[in-house]
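The values are calculated or read from the model by the stated rules, or taken from the named source; none is laboratory data. Just so it is clear, the structure is predicted and the values come from calculations on it, not from any experiment. All Cβ positions, glycine included, derive from the backbone under ideal geometry; neighbour counts span all protein chains shown.
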Amino acid sequence: MLSIVKVGGRDLEYTLRVSDKAKRGRITINHEGKVILTKPKRVSLESVEKFLISKADWVFKSLEKFKNLPNRLDTKNTKREYLENKESALALAKSRIQYFNNIYNFKFNKIIIKNQKTRWGSCSKRGNLNFNYKIALLPQNISDYIIVHELCHLKEFNHSQRFWDLVAIAIPDYLVIRKELKGELV
């Protein structure tokens with residue numbers, strides 16, 4: 001459901017999602033540059049809207065950053081756009097995995113490019129590395145971070161300190177890049 005709150009004379013448009021699993025309110029910005037406000041089932045709408053308003057500066061800055069990306073990501077995830085970018089995303093993923101896997105030497109099964117709305121990538125228990133086709137539209141430091149992130153899940157299927165230590169081997173500034181990515185997508 002699309003809603004609007006007024007913040008300092010500006011309209012902040014968001015989509016409300018109610019979650020049985022969420023423990024607290026959450027604000028995300030999706031691939032299309034849309035604000036998603038997640039509300040735990042037992043928390044009032046007023047409470048999560050106050051939370052959104054308290055984070056409005058960050059939201060507006062993130063939306064502005066999103067609009068100014070060199071390769072804008074606010075596409076509509078259409079099949080046509082996916083097909084236009086799938087091959088370049090696959091070539092990028094294969095090339096960068098080959099490069100980074102010289103460091104790690106992990107075994108993997110397949111590299112798959114998908115048209116996802118909420119994920120940049122994933123790693124399956126079967127060793128498949130899945131990536132959103134939009135990695136081809138990102139600045140290289142961010143696409144490299146996503147690729148290394150998923151590659152490291154082959155060894156550590158979690159987000160423990162051991163996992164982050166693995167990521168840091170190839171991407172020592174991963175925390176900075178992660179914050180940059182969260183500013184675009186969250």
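Any residue at all in region 14-24 that is among the basic types (Lys, Arg) and either surrounded by 15 or more Cβ atoms within 10 Å (Cβ to Cβ) or at positive phi (or both)?
Among the residues of region 14-24, not one is among the basic types (Lys, Arg) and either surrounded by 15 or more Cβ atoms within 10 Å (Cβ to Cβ) or at positive phi (or both), which makes the answer no.
The rows are residues; the columns are (1) farther than 25 Å from residue 27 by Cβ; (2) among the polar types (S, T, N, Q).
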{"position": "78", "(1), (2)": "yes, yes"}
{"position": "87", "(1), (2)": "yes, no"}
{"position": "103", "(1), (2)": "yes, no"}
{"position": "116", "(1), (2)": "no, yes"}
{"position": "123", "(1), (2)": "yes, no"}
{"position": "135", "(1), (2)": "no, no"}
{"position": "149", "(1), (2)": "no, no"}
{"position": "159", "(1), (2)": "no, no"}
{"position": "170", "(1), (2)": "yes, no"}
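Quick one: what pairs do we get from region 32-55, first residue more than 11 Å from residue 14 (Cβ to Cβ), second among the charged types (D, E, K, R) and buried (at least 17 other Cβ atoms within 10 Å of the Cβ), C-beta under 8 Å, 6+ apart or different chains?
As it stands, the answer is 45/39, since those pairs meet every condition given.
Residue under question is residue 43, and the condition is that it be modelled with pLDDT of 90 or more and either among the charged types (D, E, K, R) or outside any strand (DSSP E or B) (or both); does it hold?
yes
Between 85, 115, 102, which is out of contact with any Pro (no Cβ under 9 Å at 6 or more places or on another chain), over 30 Å from residue 2 (Cα atoms), not β-branched (Val, Ile, Thr) and not assigned by TED's automatic domain parsing to the domain that holds residue 15?
102
From the list 138, 175, exactly one residue is buried (at least 22 other Cβ atoms within 10 Å of the Cβ), closer than 29 Å to residue 37 by Cα and out of contact with any Cys (no Cβ under 8 Å at 6 or more places or on another chain). Which is it?
Answer to the selection: 138.
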